[in-house]
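To keep things clear, I will list the structure first and then write my remarks on it.
What follows draws every value from the coordinates through simple rules; no lab data is involved. Remember, predicted model here, so these are calculated numbers, not experimental data. Every residue, glycine among them, receives a Cβ derived from its backbone with ideal geometry; neighbour counts consider all protein chains shown.
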Amino acid sequence: MNNFVVVETPTERAVFQQDAKQKSDIKVSGRCGGEATHVKIVASINGKLQNSFTVDLSEDQSFLTIIELGAGGWYHLQFHAVCGEKILATTDVEKVGVGEVLITAGQSNSANHGYPKQNAEDDRIAALGENGWQTADDPQPIATGEGGTPWPLLGDLMAKEINLPIGFVSVGVGGTAVCQWDPDIEGSLYSRLQQAISRLSPTGARAVLWHQGESDTLNGTSADSYVAGMKKIIYQSHKDANLNLPWIVARVSFIGEDHVDKQADILAGQKALVEQGLAVEGPTTDDLVGAKYRYDSVHFGQRGLEIHAQRWLDVIKNCFHLSY
């Protein structure tokens, strides 16, 4: 009889958001074949046993349950198909992380429109794409563009601070205004955020990092319109996440010297979101202008990406007190 165990979730390099007690609920699913009656799941970090779980198989020999991993880190999960006390088959899922997960969204400077591409030095920095989790080297999956982002750099900085896996879900789209993310419009870009929130269930994300505003400067969007549009997006994300998913909104409006006179409205809108308790004030990037920071006058070059990442780290540390 053909004995086997196949794991559907979690996949390798998946990162799950830890809670206030540095624990996380992980959905595990798969199926066994042959004579197996249950599956035993063994969780370890660096070869040290952390926990084990036994799950009865359903009539079709599938399994689906939630396990709690009680410490942040890079886990090795081993799945045993078992009958009685006998192990019939075994499979492993390497590198399942419990740590910090961030959704990044907005327009080009949140997406892959910087230069050059960045690579994560720490192996624990991961990114969620259409086909699952992967190493978080640029270009980030899902986001538009083929260039660089600050996110691998931010991941490395965060990992040095807290010594945990870091996961990114980047859904930004270049050249987009707030109105294009309107959740009330069928087919709008909001579906990208919605899908990210859904795929991160049940543990969710630490926050949404929103870097956007340049296109609204270009369009002459008023402060009130910017606030109204962002409110709809933020409120809908709370409904979809079934919690008040924190938002960190960057102070960004620069789209070139020809439009400086229109920046004030966008900055005022972003400030109002913070004052109304809808978002945390994120990093400013409007001061990073010129060839030293932007390779094409709009999108960040190497130095701009480095400073962008550092400023996000400073805000995240201050907001969530992440230091272990």
I'd like the distance separating the alpha-carbon centroids of the range 71-120 and the range 257-288, in whole Å. 34
With no solvent and one point on each alpha carbon, what is the Debye value of log10 I(q)/I(0) for the range 224-280 at q = 0.30 Å⁻¹? -1.21
Taking the Cβ of Gln180 as the centre, find all other residues whose Cβ is under 15 Å away and add up their charges (Lys, Arg: +1; Asp, Glu: -1). -3
Run the numbers on the range 4-96 and let me know its relative contact order in percent, using alpha-carbon pairs under 8 Å that are six or more apart. 36
For Gln118, distant residues with modelled amide H under 5 Å away: Asp138, Thr149
List the lysines whose Cα lies under 18 Å from the Cα of Lys292, skipping any in the same chain that are fewer than 8 positions away. Lys117
DSSP-defined beta bridges in the chain - what % are antiparallel, rounded to 5: 65
Give a residue-ordered list of calculated ³J(HN,Hα) values for the range 83-100 (Karplus: 6.51 cos²θ - 1.76 cosθ + 1.60, θ = phi - 60°; whole Hz; x for Gly, Pro). 10, x, 9, 9, 7, 9, 7, 9, 9, 10, 10, 7, 6, 10, x, 10, x, 10
Here the range 4-96 gives, from Cα atoms, an Rg and Dmax in Å of 12.8, 41
Using helices alone, I'd like the mean residue ellipticity at 222 nm for the chain: each DSSP H run of four-plus residues gives -39500 (n - 2.57), total over residue count, nearest 500. -8000 deg cm²/dmol
Under 25 Å Cα to Cα from Lys239, which lysines show up? Leave out anything in the same chain fewer than 8 places away. Lys21, Lys23, Lys27, Lys231, Lys271
Using amide H atoms built 1.01 Å from N in the peptide plane, name the residues 5+ places from Ile142, or on other chains, whose amide H lies under 5 Å from its own. Glu130
Can you tell me the relative contact order of the chain? Whole percent, Cα pairs under 8 Å, sequence separation 6 or more. 16
Filter the trypsin sites (Lys or Arg not before Pro) in the range 1-110 to those in DSSP coil with at most 11 other Cβ atoms within 10 Å of their Cβ, and list the result. Lys21
For Gly175, what residues show an amide H to amide H distance below 5 Å, using hydrogens built from the backbone and excluding near sequence neighbours? Ser108
Where only C-alpha atoms are counted, convex hull volume of the range 50-205 per residue in Å³: 140
Lys/Arg +1, Asp/Glu -1 at C-beta; the chain dipole; positive extreme among Thr284, His299, Leu157: Leu157
Nothing charged except the Cβ atoms of Lys and Arg (+1) and of Asp and Glu (-1): what's the magnitude of the dipole of the range 85-183 about its Cα centre? Round to the nearest 20 debye. 100
Quick one: grab Rg to one decimal and Dmax as a whole number for the range 161-248, Cα atoms only, in Å. 13.8, 43
Listing Asp56, Asp156 from the residue with the fewest other Cβ atoms within 10 Å to the one with the most, what is the order? Asp56, Asp156
Using a Förster radius of 41 Å, what is the FRET efficiency between Asn51 and Arg303 based on their Cβ-Cβ separation? Nearest 0.05, please. 0.40
Charge dipole magnitude, Cβ of K and R +1, D and E -1 - the range 176-253, Cα centre, debye nearest 20: 340
Dipole check, the range 4-96, charges on Cβ (K,R +1; D,E -1), about Cα centroid: among Thr37, Ala71, Gly84 the Cα furthest to the positive pole belongs to Ala71
Given the options Ala207, Ala14, Ala111, state which has the largest fluctuation in a GNM of the chain using a 10 Å cut-off (strictly under) for Cα springs. Ala207
Listed residues Leu49, Leu102, Leu267; largest mean-square fluctuation, Gaussian network over the chain with Cα springs below 10 Å, found at Leu49
Over its alpha-carbon atoms, the chain yields an Rg and a Dmax in Å of 21.5, 75
Rounded to the angstrom and largest first, Cα extents along the principal axes for the range 175-324 equal 43, 41, 27
Arrange the peptides 177-187, 75-85 so that the one whose residues have, on average, the most other Cβ atoms within 10 Å appears first. 75-85, 177-187
Highest-MSF residue in the chain out of Glu59, Glu12, Glu94 [GNM, Cα springs under 10 Å]: Glu59
